[in-house]
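The values are calculated or read from the model by the stated rules, or taken from the named source; none is laboratory data. Since this is a predicted model, take the numbers as computed values, not measurements. Cβ placement follows ideal geometry from the backbone for every residue including glycine, while neighbour counts extend to all protein chains displayed.
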Amino acid sequence: MKIPKLKIGSITADIPIIQGGMGVRVSLASLSSAVANEGGIGTISSIGLGDVEASKKEYERISREALISEIRKAKSMTDGHLSVNFMGVLSNADDLIKSSIEEGIKMIVYGAGLPMKLPDLARDPSVNLVPIISSARVAGLILRIWDQRYEKTADGLILEGPLAGGHLGFSEEQLAQPEAYSLEKLLPEVLETIKPYEDKYGKKIPVITAGGIFNGKDIARMLLMGASGVQMGTRFVCTEECDVSQEFKQSYLDSKEEDIVIIKSPVGMPGRAIHNHFLKDLEVKGKLKIKCPYRCLSVCKVEKAQYCIALALVNSYFGDVDNGLIFAGQNAYRCNKIVTVKELIKELLSELEAE
Ligand SMILES: Cc1cc2nc3c(=O)[nH]c(=O)nc-3n(C[C@H](O)[C@H](O)[C@H](O)COP(=O)(O)O)c2cc1C
């Protein structure tokens, strides 16, 4: 198969691969710039850059400065395409979106919350807006509201299916029947739903599929079904350039299929993670002490929460995986070595070309 380019609004990437934003410091300047240098779109995550024990003002300052610093660093390492990922449940999302645009970021990816105000926050027409969706219903809702309120449509949509890592836009009941919500089922419904908006605005709204995409064969399958590209997370964790600790990466290499589990996140959404010492210990202890002066996630039920998810993810970032949560996609157990981003992309493209 000939390798298609990926056009998202004013951005054209040479290859149809986006490296997904991975929160709490998993995808920062090093990983995102390496992907951008290979012709893909590299995503910096804006999530979890503050200090969980800081006051509101301090947290907001620290996370803003850290994000700006990662954007500047990434830009100094590549001339390729970079995006920044946001979660609607972040208390300071609006501030971070504004700072990213001021730093010249041209693609905003927004998940975990409906991006109803996003066109208002990002009015610069050269900034491309890409909501993450998990169903045709949500795609239709966002596009209808944007059309009515702003006379605008999305520059792209990331359709994240039930096999992805991190927080998931599905209920536990839905996750128990992944076939019923597979990308193969969801994609045609999404393509159908967005058609009237493509016609009205006279442009293609590229749909990028994510979740469980592991090799070039998977990418080809998605492209043949009408996706314009894919977003991948798990494979990029197992690269030298990934910003997270070696211990985090090693947990992927050591994991077995039965270790990849669904957890109830304190955020109120299900998530997918590795069933490691931290999670096993939590099952015994029930609840860990939480110090939370700021409330970095607007939906986090601190009083009821078993643990501080931001702290647990930061611990893993620094390598203290026994006291940390390790988010991972369903296929993490299939990763068996750490490679460079260049090697990974070369492998994916040669597999794609062979299809
Ligand atoms: C460690 C990890 C952290 C993630 N964090 C986020 C996040 O903060 N925000 C988000 O929108 N998606 C997040 N994701 C989802 C990825 O961006 C991507 O869509 C997903 O992992 C794709 O599925 P795959 O891992 O099977 O390739 C995360 C995924 C992983 C593996």
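Regarding segment 55-78, can at least one residue be identified that is among the charged types (D, E, K, R), under 19 Å from C296 (Cα atoms), in contact with a Phe, Trp or Tyr (Cβ under 8 Å, 6 or more places away or on another chain) and assigned to a loop (DSSP other than H, G, I, E, B)? Checked segment 55-78: no residue is among the charged types (D, E, K, R), under 19 Å from C296 (Cα atoms), in contact with a Phe, Trp or Tyr (Cβ under 8 Å, 6 or more places away or on another chain) and assigned to a loop (DSSP other than H, G, I, E, B). When restricted to residues that are over 21 Å from S350 (Cα atoms), away from the ligand (no atom under 16 Å from the Cβ) and not in a loop (DSSP other than H, G, I, E, B), segment 30-51 contains 1. Taking the criterion of being buried (at least 16 other Cβ atoms within 10 Å of the Cβ) and closer than 21 Å to A112 by Cα, the residues of segment 261-291 that qualify are I262, I263, S265, P266, V267, M269, P270, G271, R272, A273, I274.
Taking helices (runs of 4 or more DSSP H) as the structural unit, those lying wholly within segment 208-327 and holding at least 3 residues that are more than 15 Å from the ligand (Cβ to nearest atom) and either over 24 Å from S32 (Cβ atoms) or not assigned by TED's automatic domain parsing to the domain that holds D14 (or both) correspond to 277-285. Contact map, segment 227-247: first residue farther than 14 Å from L352 by Cβ and touching a residue at least 24 places away in the same chain (Cβ under 8 Å), second residue assigned to a strand (DSSP E or B) and charged (D, E, K, R), Cβ cut-off under 7 Å, separation 6 or more or different chains; the map is empty. In segment 119-134, the residue that is surrounded by the most Cβ atoms within 10 Å (Cβ to Cβ) out of those that are in a helix (DSSP H, G or I) and not hydrophobic (A, V, I, L, M, F, W, C) is P119. Pairing residues of segment 86-114 that are in the same structural domain as S126 (by TED's automatic domain parsing) with residues that are hydroxyl-bearing (S, T, Y) and within 12 Å of the ligand (Cβ to nearest atom), at Cβ distances under 6 Å and at least 6 apart in sequence or on separate chains, gives F86/S46; F86/Y110; L96/S46; M107/S83; V109/S83. Residues of segment 135-152 include none that is assigned to a strand (DSSP E or B), touching a Leu at 6+ places or on another chain (Cβ under 9 Å) and touching a residue at least 24 places away in the same chain (Cβ under 8 Å). Cβ-Cβ contacts under 6 Å between residues 6 or more apart (or on different chains), taken from a first residue in segment 59-84 that is assigned by TED's automatic domain parsing to the domain that holds K98 and surrounded by fewer than 23 Cβ atoms within 10 Å (Cβ to Cβ) to a second residue that is outside any helix (DSSP H, G or I) and not aromatic (F, W, Y), are listed as Y59/G50; E60/N92; I62/G50; I62/D51; A66/L49; I68/E103. Considering the conditions (1) of a type in the set (A, V, I, L, M, F, W, C); (2) touching a His at 6+ places or on another chain (Cβ under 8 Å); (3) surrounded by fewer than 17 Cβ atoms within 10 Å (Cβ to Cβ), L114 is excluded by exactly one of them, (2). Per the conditions (1) farther than 27 Å from R272 by Cβ; (2) within 16 Å of the ligand (Cβ to nearest atom), the sole criterion not satisfied by G21 is (1).
From Y181, Y150, Y110, grab the single residue that is modelled with pLDDT of 95 or more, of a type in the set (F, W, Y) and in contact with a strand residue (DSSP E or B) (Cβ under 9 Å, 6 or more places away or on another chain).
Values: Y181 fails: in contact with a strand residue (DSSP E or B) (Cβ under 9 Å, 6 or more places away or on another chain); Y150 fails: in contact with a strand residue (DSSP E or B) (Cβ under 9 Å, 6 or more places away or on another chain).
Within the list Y181, Y150, Y110, the selection yields Y110.
Reported count of residues in segment 108-117, each being within 16 Å of the ligand (Cβ to nearest atom), hydrophobic (A, V, I, L, M, F, W, C) and under 21 Å from V267 (Cα atoms), is 3.
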